[in-house]
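See below for the structure under consideration.
The values are calculated or read from the model by the stated rules, or taken from the named source; none is laboratory data. Treat the numbers as computed from the prediction; the structure is a model and nothing was measured. All Cβ positions, glycine included, derive from the backbone under ideal geometry; neighbour counts span all protein chains shown.
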């Protein structure tokens with residue numbers, strides 16, 4: 001498996017992985033699948049410090065991780081929010097672990113001080129993954145989203161760099 005910066009031609013593979021999560025999980029609170037144009041615009045907006053990494057195996061993108069602005073106001077510019085998604089058929093194989101590890105190196109090298117993870121829907125595997133990489137629990141936002149006919153909590157975790 002190779003982890004590398006995403007390219008524009010990775011948009012369809014990223015879209016496929018993400019749309020699966022929209023339809024089948026609470027990992028994202030999006031309710032409407034992304035179009036190819038939406039995904040291309042999302043990818044184009046993440047360049048420079050706001051990187052997207054992909055995990056590639058035998059020429060196929062099997063996961064991705066991204067850094068996004070935490071908030072728009074200038075005082076937040078040293079903080080980012082992370083996301084990690086792995087294709088359903090490749091979970092439990094260390095893909096997310098490798099992506100998150102390399103994403104944190106990218107965040108540190110880009111000068112960020114704080115990385116925030118907002119984990120939806122009681123995803124204990126994601127909580128454990130983030131804990132493994134030094135994130136600590138900040139809190140739980142109770143019933144802030146509604147998906148699949150149920151209220152969903154968001155677990156907030158954070159990693160800080162010196």
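The figures follow:
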{"read-out": "Test for residue 64: is it closer than 18 Å to residue 118 by Cβ, modelled with pLDDT of 95 or more and not in a loop (DSSP other than H, G, I, E, B)", "value": "yes"}
{"read-out": "Residue ID - modelled with the highest pLDDT, chosen from residues in region 2-26 that are surrounded by fewer than 15 Cβ atoms within 10 Å (Cβ to Cβ) and in contact with a helix residue (DSSP H, G or I) (Cβ under 7 Å, 6 or more places away or on another chain)", "value": "12"}
{"read-out": "Residues of region 31-54 classified as within 13 Å of the chain's Cα centre (by Cα) and modelled with pLDDT of 95 or more, total", "value": "3"}
{"read-out": "Odd one out for residue 154, checked against (1) closer than 29 Å to residue 12 by Cα; (2) exposed (fewer than 13 other Cβ atoms within 10 Å of the Cβ); (3) at pLDDT 95 or above", "value": "(2)"}
{"read-out": "Members of region 69-105 that are closer than 17 Å to residue 162 by Cα, in contact with a strand residue (DSSP E or B) (Cβ under 7 Å, 6 or more places away or on another chain) and either in contact (Cβ under 8 Å) with a residue 40 or more places away in the chain or in a loop (DSSP other than H, G, I, E, B) (or both)", "value": "78, 103, 104"}
{"read-out": "One residue from 115, 36 being in contact (Cβ under 8 Å) with a residue 12 or more places away in the chain and crowded, with 18+ Cβ neighbours inside 10 Å", "value": "115"}
